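Some notes on the structure that comes next.
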Ligand code: ACO
């Protein structure tokens, strides 16, 4: 196999090395292309561009494979927990029993927020979207820990372990408080006797006069949701985190930008968009057939379908689809939206429009239905994704921050505007 690629421009040949990844992925190393040839590559949407080398997550979109640090997602989903997987993603190995307890304890200790932040929450009007509050508050959190958010790279890296523990813990408290701000409800403080996921549900749903006691199935299902969202290599929000980090910005500023990247309906916002779509289909008395036709005609988009990388089933969608069935069965409930989703899936995977374009259910197709089954309100769906994705953002920030060669992310462009012109004097 050749280990170089040759490019011929105006009859002149240039040779570029081929980089090979652990799983035999190939890339043409074009880092010297512009200085050699005066040309750049053009790849709108970056579908063919590797922006970094990374040790964290491997995806084979053609085969529907996802691994965190080498471990298949199916095995982690079956045998691990969100907190252990967060450790794995950040530090590269699953924690030993002692490391896990220590990690849990440190996270537990960081659950509460500085009371100064209360007045910030109070300043938002009710009905503010929790994603807007979450992004702003994560950046503001850095103001309470200036030594961890110094924008001095060496200093921020030295404090990374503390900052990461703090962010994994507090993102959940901020998320719950964002929801309560939106609804105009009093804030509920974390409990020291509850584990990560149960504590979040307590802060969301307990009242001063009524303690919410989540059942085990609900906690387990939400923990699985978080675990499945923990990282996904160079998606829009993670690339945003890496881009912001590459300028030397601190961890808090970088993950805050990640939340904004996640919010859009083509990315993390899709989990809420799927459920809204299913509700509309139900309201219109459609069994899904009309909607599929509209999607094929370009009049609608089948939310939760299609992916830039997966050209096969997203393995997370399979796990989540089964989890929704299990949770509803355990609760003795049915969800008509799940029936519609299953019908849409059956129609789409047998329809040439979707088959030819390799459009399959992605993580968001069933994740919203799972959140709905366990009682998470629609506006919080993408916030839940952000809590789950926090370990990935932290690990990617660290990868950028400790890279031996620090280089700001700065793509080029092809200018298509006006040619030079002069102001007309009157
Ligand atoms: N419904 C109908 N048609 C679709 C869909 C869809 N969900 N997704 C892609 N297509 C069609 C496009 O119209 C296009 O058709 P064409 O070739 O005839 O023009 C073709 O499939 C390729 O689509 P692109 O938009 O070029 O694919 P891209 O890789 O840019 O987009 C994306 C991927 C954004 C995920 C897209 O499939 C989509 O919008 N899906 C719905 C939103 C969604 O579920 N997002 C969550 C993704 S997972 C995540 O971020 C966590």
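List of remarks:
- In percent, rounded to a whole number, the relative contact order of segment 270-374 is 44, using alpha-carbon pairs under 8 Å and six or more apart.
- Ranked 333, 389, criterion: other C-beta atoms within 10 Å, fewest first: 333, 389
- Note on segment 192-259 and segment 104-156: Cα centroid distance 13 Å, given to the nearest whole angstrom.
- Placing R0 at 45 angstrom, the Cβ-Cβ distance between residue 334 and residue 406 gives a FRET efficiency of 0.25 after rounding to 0.05.
- Averaging the sequence gap over all C-alpha pairs within less than 8 Å and six or more residues apart, then dividing by the number of residues, gives the chain a relative contact order of 20 percent.
- Segment 404-426-segment 338-360 distance, computed between alpha-carbon centres (Å): 43
- Ranked list, fewest to most other Cβ atoms within 10 Å of each Cβ, for 26, 299: 299, 26
- Over the chain: helical MRE at 222 nm, DSSP H runs n ≥ 4 each giving -39500 (n - 2.57), nearest 500: -16000 deg cm²/dmol
- Selected from 415, 144, 71 as most flexible by GNM, with the chain as the system and alpha-carbon contacts under 10 Å: 415
- Cα centroids of segment 384-403 and segment 8-35: 29 Å apart.
- Selected from 46, 365, 225 as most flexible by GNM, with the chain as the system and alpha-carbon contacts under 10 Å: 46
- At 0.692 mPa s and 37 °C, Stokes D of the chain from Kirkwood alpha-carbon radius, µm² per second: 141
- Among 383, 255, 157, the largest mean-square fluctuation in a Gaussian network model of the chain (Cα springs under 10 Å) belongs to 157.
- When 289, 30, 57 are arranged by Cβ crowding within 10 Å, least crowded first, meaning fewest neighbours, the order is 289, 30, 57.
Since every read-out is calculated from the coordinates, none of them should be taken as a lab result. Since the model is a prediction, treat every value here as computed from it, not as a measurement. Methodologically, a virtual Cβ is constructed for each residue, glycine included, from the backbone with ideal geometry; neighbour enumeration extends over all protein chains shown.
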